[in-house]
Amino acid sequence: MATTNLPIARIAEGFARLPAQNRVALMMIVAALLAVLAAAWLWSRNPDYRILYANVQERDGGAIVSALGRMNVPYRFNEGGNAILVPAESVHEARLKLASQGLPKGGNLGFELMENQKLGATQFQEQVAYQRALEGELARSVQSLAAVQSARVHLAVPKPSAFLREQSKASASVLVNLYPGKTLERGQVAGIVHLVAASVPELSPRSVSVIDQSGALLSAASDGSAMNLDPGQLAHMQQIEANYIRRIIDMLEPLVGRSNVRAQVTAEIDFSATESTAESYRPNKEAAEAAVRSQQTSESNQPSGGSAPGVPGAISNQASHAAGAASGSATRKDQTVQYELDRTVRHTRQPVGTVKRLSVAVVVNHRKGTAKDGKASTTPLSDGEMKQITALAREAIGFSEARGDTLNLVNAAFNVEVMEAAPETPLWQQPDTLAYAKEIGKHLLALGLALYIVLGVLRPLLRHLSTLPPAPEPVAESIALEHDSVRHADQLSAVRQLARQDPKMVANLVKGWVSGNE
């Protein structure tokens with residue numbers, strides 16, 4: 001234990017033997033080195049802050065900051081103050097937790113407006129608050145689209161009237177602020193229109209207008225007024241055209257090579273729904289095959305002579321009967337036959353979305369080859385090859401002359417610009433690699449600085465303090481301090497001896513005398 005504490009004791013003894021100025025300077029140097037070490041350690045532990053949300057409004061910003069404080073997530077603001085930064089490892093977790101709390105709300109107040117209704121609010125105030133809440137909820141729903149940065153919804157809901165002539169229809173307008181470089185597809189615009197129309201009673205989709213931040217009307221292309229097609233019918237037509245194009249390319253690429261054929265198909269689709277019922281009658285030509293519906297036969301006998309004269313009675317009747325038997329009787333037979341009619345009832349319903357006509361254009365590239373000088377060359381296809389390709393294209397689309405289909409196939413050299421392949425980003429230039437290298441470099445730099453301070457500064461200083469020679473003998477100290485009680489010759493000899501043994505200490509002693517510190 002004594003051996004372990006010996007260097008520490010020698011360092012303390014050497015430090016105590018230093019002049020006051022040197023001790024103060026040494027303590028300041030050690031304090032500065034420790035401060036540098038602490039700063040380097042804190043800098044290496046400082047997390048990399050990333051943007052959590054940018055361009056947040058003041059209302060949302062205050063709610064987000066309050067929520068981050070409750071979640072014990074450190075945050076800071078950028079220089080402009082329009083973005084909230086959090087540590088990189090906490091970005092996704094913080095966004096999920098804030099989303100569960102409905103943040104950010106985008107500055108649009110929804111049905112939370114209804115939670116702060118005053119007791120004495122009038123019916124008009126309640127209606128206005130409900131309309132504002134509905135507009136805010138619709139704006140939030142529209143903002144959930146990936147291309148929409150912010151949105152505002154304005155509803156014009158008329159008051160209900162008891163008179164039919166004075167009733168007016170509701171209308172709505174939607175303003176969308178899109179992200180730079182983003183656009184809304186036709187189906188997305190139609191979805192916004194139907195979302196708003198389905199959320200407001202008695203609101204027709206034709207009464208909903210959608211515009212972007214530049215003032216362009218987006219809903220005009222989605223109402224189908226130009227072609228009288230709704231988005232579903234338009235998508236069906238585009239799908240049919242894409243299927244025909246894929247058939248042509250799949251059929252011809254094995255012959256002409258990949259990327260050597262281009263095709264476009266325009267399909268005329270019949271979306272009209274028609275139903276027809278026809279009832280026809282046909283006479284029965286062959287009685288043997290005819291079906292009897294009903295048959296009636298009647299037969300009657302009448303005498304051929306006149307009636308017997310005389311008074312009616314037994315004698316006269318006997319005479320008449322005898323006369324009739326003698327003269328004969330007439331027989332009449334009638335027959336009525338009703339046959340079933342040959343009746344045909346035909347109910348026809350035409351399918352919706354059938355192809356009425358196809359217009360197909362196909363371009364095939366020249367055949368590639370190598371010239372004698374080694375350069376690339378192209379040659380047109382022969383007539384036989386063109387006939388073969390045309391026949392295959394006709395079969396691929398189900399070509400029908402009766403339907404009025406047209407096919408135009410051209411063989412031409414493609415003017416394709418050779419695009420140089422983008423060089424692959426090396427591993428050391430990838431963002432993830434740079435981020436890891438930055439973190440590792442911070443730790444290595446802090447470690448290197450700490451090692452330099454400990455091994456290059458503190459260690460030599462401590463070694464110098466521990467290797468100072470022991471204090472001079474009491475006789476030498478008495479010579480220096482009590483020179484009046486010792487002979488001058490002995491003092492001079494002792495001082496010379498001390499100067500030879502430790503000139504540095506003597507110099508410090510003289511320096512202290514001169515400065516008045518000793």
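The values are calculated or read from the model by the stated rules, or taken from the named source; none is laboratory data. Quick caveat: nothing in here was measured; it's all calculated off a predicted structure. Glycine also receives a Cβ, built like all others from the backbone with ideal geometry; neighbour counts cover every protein chain displayed. These accessible areas exclude ligands, DNA and RNA; they are computed on the full protein's heavy atoms, side chains included. Shrake-Rupley method; radii C 1.70, N 1.55, O 1.52, S 1.80 Å.
For segment 252-268 versus segment 170-201, the inter-centroid distance based on Cα atoms is 36 Å. The packing ranking, built from the mean of other Cβ atoms within 10 Å per residue, places the peptides 249-257, 203-211 in the order 203-211, 249-257, highest first. Heavy-atom accessible surface of Leu96, to the nearest 10 Å², is about 130 Å², with a 1.4 Å probe and all protein chains retained. Give the calculated FRET efficiency between Asp250 and Glu385 to the nearest 0.05, with a Förster radius of 22 Å applied to their Cβ-Cβ distance. That gives a FRET efficiency of 0.75. 3J(HN,Hα) along segment 143-160, derived from phi through the Karplus expression 6.51 cos²θ - 1.76 cosθ + 1.60 where θ = phi - 60°, amounts to 5, 6, 5, 5, 8, 9, 7, 8, 8, 9, 10, 10, 10, 10, 9, x, 6, x Hz, with x in place of Gly and Pro. Listed by chain and number, the lysines whose alpha-carbon sits under 17 Å from that of Lys169, ignoring those within fewer than 8 places in the same chain, are Lys159.
Computed from label points 7 Å out along Cα-Cβ, the spacing between Lys368 and Lys511 is 8.4 nm.
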